[in-house]
Amino acid sequence: MANFYTRIKIAFQKILYILSLSKPISRVIVFTSGLIILFILPTDKLHYLPIRSLYEQLGFTPYSSGITRATSRLLQGDFVGAWKFNHLVYIIIPLVLAILVKDLIILVKTKDFSL
């Protein structure tokens, strides 16, 4: 039974390590899976998520408001809808793609796919 708990602990540590974005392989995994999920997820359903911004409830509008829906719209080809949700999506997406390409180049050169 201790072996089972050890495996669970190791798996949990690897998941946390991937989410830390500390290595190129972890950034590639997280960014790629996020972009795939936002491409598949219908944007009209994102409006009804139960999580709301605390800042919006206090009357402030943060710069990041609507960036998830804007990214989803942009990935699905709705450029005007993405602009309406958040103008910064046209800066964020190229930055994410640049980081992704840089990390892929590093992975290909070093061939270090370990977590």
Inside segment 75-99, can you point out the residues that are in a loop (DSSP other than H, G, I, E, B) and in contact (Cβ under 8 Å) with a residue 60 or more places away in the chain? none
Is it the case that some residue within segment 91-104 is surrounded by 12 or more Cβ atoms within 10 Å (Cβ to Cβ) and over 30 Å from K14 (Cβ atoms)? no
In segment 54-71, what count of residues is obtained for those that are free of Cβ contacts under 8 Å to residues at least 24 places away in the same chain and either aliphatic (A, V, I, L, M) or under 14 Å from F39 (Cα atoms) (or both)? 3
Do any residues in segment 1-20 that are closer than 30 Å to F31 by Cβ have Cβ atoms under 9 Å from those of residues that are of a type outside the set (A, V, I, L, M), where the two are at least six apart or on different chains, and which pairs are they? Y17/K23; Y17/S26; I18/S26; L19/S26; S20/S26
Segment 46-62 - residue that is assigned to a helix (DSSP H, G or I) and surrounded by 10 or more Cβ atoms within 10 Å (Cβ to Cβ) and, of those, modelled with the highest pLDDT: Y55
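The values are calculated or read from the model by the stated rules, or taken from the named source; none is laboratory data. Computed from a prediction, not measured in an experiment: that's the story for all the values here. Cβ sites come from the backbone with ideal geometry, for glycine too, and all protein chains shown count toward neighbours.
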